[in-house]
């Protein structure tokens, strides 16, 4: 069971709501799955002795699928879209078309853009450290509108998830950012 996995809609919902009652260690693996990290990358997670067993369980329960077989997400008015990490080369396209964001403001409000940019930069510095994300912080500083910030949303979220404290706070931080971005 080596490879790269992505969350299904059920998996993304579990990350958001904790409704499935997963054990904390298994939930941590689910959160860590981003469509980029390999099975070998996940071996470093604390408290996991058999990553293959955890991945088999998550796949059998419908929380993840291998990247090669991941279906396109289906979003209807009854089932709101939820955030899912995407490959780096598709971030801009998906982030801008994903219904997870509120509609773009008709006018570019510099105060709102600055608020969102500051939030992203400050959370990166607090949870990851200034030196670990210098390139991302530089790109954020050059964002001039909501669309630019949204294009970096997935990368911001993934960076937050790299720290233990960031993993704990990621859902809360994400929700706060979505209110202003």
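Quick notes on this one:
- Looking at segment 1-111, the helices (runs of 4 or more DSSP H) lying wholly inside it that each contain 2 or more residues that are assigned by TED's automatic domain parsing to the domain that holds residue 165, at pLDDT below 80 and within 29 Å of residue 148 (Cα to Cα) sit at 91-97.
- Residue in segment 126-140 that is modelled with pLDDT of 90 or more, surrounded by fewer than 15 Cβ atoms within 10 Å (Cβ to Cβ) and not in a helix (DSSP H, G or I) present: no
- For segment 117-124, the count of residues that are in contact with a strand residue (DSSP E or B) (Cβ under 7 Å, 6 or more places away or on another chain), at pLDDT 85 or above and surrounded by fewer than 15 Cβ atoms within 10 Å (Cβ to Cβ) is zero.
The values are calculated or read from the model by the stated rules, or taken from the named source; none is laboratory data. As the structure is a prediction and not an experimental result, all values here were calculated from the model. Cβ atoms come from the backbone with ideal geometry, glycine included; neighbour counts cover every protein chain shown.
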